[in-house]
Amino acid sequence: MDTPAAITRADVEHVARLARLGLTDAELDSLTGELAAVLGHAADVAALDLADVAPTAHPLPLRNVLRPDVVRPGVDRGEVLAAAPAVEDDRFRVPRILDAP
């Protein structure tokens, strides 16, 4: 595997310009070191021999913890509307939030 080229301050300036980020000199210096460390870690991971490792979507086995769906009777429509603060034409009445024509 090829060794990645070291990240330079000019590289960080270029990426910052593409992202339209205004960075100070101190931020450029700091981010150059941080980005180099991140890319170094990525190179370490890329160098691992994973030939015998099965692909996974999650590190732990998952199981369905939901209860089964059971059909049961709902609440009576009249009972629900009777508890509503405002009803109009057998529906909940709510305040208008948009100007409709």
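Just so it is clear, none of the values below were taken in a lab; they were calculated from the coordinates. Keep in mind it's a predicted model, so treat the numbers as computed, not measured. Cβ atoms come from the backbone with ideal geometry, glycine included; neighbour counts cover every protein chain shown.
Results, tabulated for the structure shown:
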quantity	calculated
Cα shape, the range 1-58, gyration tensor, a/c 1.5 rule	prolate
Under Karplus coefficients 6.51, -1.76 and 1.60, residue-wise ³J(HN,Hα) of the range 51-61 in Hz, glycine/proline x	4, 9, 9, 6, x, 9, 9, 8, x, 10, x
Other-chain or far-sequence residues with amide H under 5 Å of VAL87's (modelled H)	ARG93
Given charges at beta-carbon only (K, R positive; D, E negative), |dipole| of the chain in Debye	600
Square roots of five times the Cα gyration tensor eigenvalues for the chain, Å	57, 31, 10
Within the chain, helix-based [θ] at 222 nm, where runs of 4 or more DSSP H residues each add -39,500 (n - 2.57), nearest 500	-12000 deg cm²/dmol
Between helix 25-46 and the chain: long-axis angle, C-alpha atoms, 0 to 90°, nearest 10	90
Distant-in-sequence amide H partners of LEU23 (H built 1.01 Å from N, under 5 Å)	none
